[in-house]
Amino acid sequence: MIELFVKKNSEMSENLDRIHPLGCCVVWTPIPMMSWICPALGHVGVTDSQGTTYDFEGPYYIGKGKMIFGDPRQKWKLDVDPKEWDDAIEEVSHRFEHINYNLLCSNCHFFAAAVLDRVNYKPIPPLFGKWVNGATAKIIYGLILHGRSLSITDVLVIWIPFLFIVLFVYFMFLR
C-alpha cells in the first residue's frame, strides 16, 4: 500500500515538475536604452519545459540559464509538446553554435523563430511562410499579442523609462 502511494505521488510530482511556470515559453527582457526608447524592442530567448532559458547571445554562443540582459520580464506561453519543444531547443542550439551573430538578421529573434519553426508552431501573422522569414517582426508581434509580464515590478521596469523619456521630450520640446 505504501509503495503504491509513493509511486502515485512520484508520478504526480513528475507531471507537475514536467512543465515549469516559465516552461515552454518565448521570453523577453529589455535592453537598456534601446527598450527605453521603444519598449517593443528587447532581447528574446526561449525556455525549455523546466524553465531554463536559452538565448543567442553572440557569435557562436547560446547562453543557458541566464539571459545576457538579465532575467525575463515577459513571457509568451506556448501550447507545445514539452518533449518536442526540449528536443527543438537542443537541436537549434547546436545549429546556432555554428552561426555568426548579426544584429539585424541572425539575432536572438532568429534563434527563437528557428525553435518555433522546428516544432512547426503556426506563424503569426501567417505571412511570409516560416517563422524565420521576418523573424524579428513576427516574434515582436507574437510577444505584443500574447506576451504577459511576469509581475507588476516587471511592468514598471518596462514602461517607467519610456514614460520618463516621453514626458521629458514633451515638456522640453513640444510644450
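The values are calculated or read from the model by the stated rules, or taken from the named source; none is laboratory data. Keep in mind it's a predicted model, so treat the numbers as computed, not measured. Because the Cβ atoms are built from the backbone with ideal geometry, glycine has one as well, and the counts that use them run over all protein chains shown.
Some values worked out for this structure:
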quantity: Residue list for the stretch 10-58, filter: out of contact with any Lys or Arg (no Cβ under 8 Å at 6 or more places or on another chain), modelled with pLDDT under 90, closer than 17 Å to ASP79 by Cβ and of a type in the set (A, V, I, L, M, F, W, C); calculated: ILE19
quantity: Near pairs, Cβ below 8 angstrom, 6+ apart or cross-chain, from the stretch 90-102 (over 11 Å from VAL115 (Cα atoms)) to any residue that is β-branched (Val, Ile, Thr); calculated: GLU97/ILE62
quantity: Conditions (1) touching a Pro at 6+ places or on another chain (Cβ under 9 Å); (2) modelled with pLDDT of 95 or more: number failed by ASP87; calculated: (1)
quantity: Test: residue in the stretch 34-47 that is free of Cβ contacts under 8 Å to residues at least 12 places away in the same chain, on the phi > 0 side of the Ramachandran plot and surrounded by fewer than 23 Cβ atoms within 10 Å (Cβ to Cβ); calculated: no
quantity: Residue list for the stretch 77-98, restricted to those being in a loop (DSSP other than H, G, I, E, B) and not β-branched (Val, Ile, Thr); calculated: LEU78, ASP79, ASP81, GLU97, HIS98
quantity: Output for the stretch 58-76, where each listed residue is within 13 Å of the chain's Cα centre (by Cα), part of a strand (DSSP E or B) and not basic (Lys, Arg); calculated: GLY63, GLN74, TRP76
quantity: Some residue of the stretch 116-125 being aromatic (Phe, Trp, Tyr), part of a loop (DSSP other than H, G, I, E, B) and touching an Asp or Glu at 6+ places or on another chain (Cβ under 7 Å); calculated: no
quantity: Subset of the stretch 137-170 [among the hydroxyl-bearing types (Ser, Thr, Tyr) and either closer than 14 Å to THR29 by Cβ or not in a helix (DSSP H, G or I) (or both)]; calculated: SER149, SER151, THR153
